[in-house]
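For reference, the structure is listed below as structure tokens.
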């Protein structure tokens, strides 16, 4: 399997192949790296797959913007996202006490993933067109992103949720 570290400095794109389906893909020029699907129409559960493993991203409560992540078929989450106040981002709490930070720069419209030391790993930038499309650039290698690639789709889940709330 090709890891995200193989794509440093290359442009990857988050796209929705069909406007009629809630399916999103992280694509490199050669292949699809990750897929996120919403199995039910009015449900917040998203299923992320990289071809080998499958994870579920869901909101444990409608009153909070936190997320939990579990392997498909399991009942208990192994990781969670704790949001900051005012929707500025938050922290992914990964197994074994590891952490990644999600930063949303509200005035610039940038979304970024950082290490807990503040090193930028991934940046997301919206590209305008008929369908929503995000350009994603991997800035640095990270064993955490290679081990937990679902983090990228969890950030995209948050981006889609923010966009949906701003429209409605």
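The values are calculated or read from the model by the stated rules, or taken from the named source; none is laboratory data. Treat the numbers as computed from the prediction; the structure is a model and nothing was measured. Note: ideal-geometry Cβ built from the backbone for every residue, glycine included; neighbour counts use all protein chains shown.
Results, tabulated for the structure shown:
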| quantity | calculated |
| --- | --- |
| All positions within the stretch 23-59 that are more than 13 Å from the chain's Cα centre (by Cα), closer than 18 Å to residue 160 by Cα and surrounded by 16 or more Cβ atoms within 10 Å (Cβ to Cβ) | 27, 38, 59 |
| Boolean, residue 137 is over 22 Å from residue 54 (Cα atoms), under 14 Å from the mean Cα position of the chain (by Cα) and at pLDDT 90 or above | yes |
| Index of the failed condition, residue 89 passing every other in (1) on the phi > 0 side of the Ramachandran plot; (2) out of contact with any strand residue (DSSP E or B) (no Cβ under 7 Å at 6 or more places or on another chain); (3) surrounded by 11 or more Cβ atoms within 10 Å (Cβ to Cβ) | (2) |
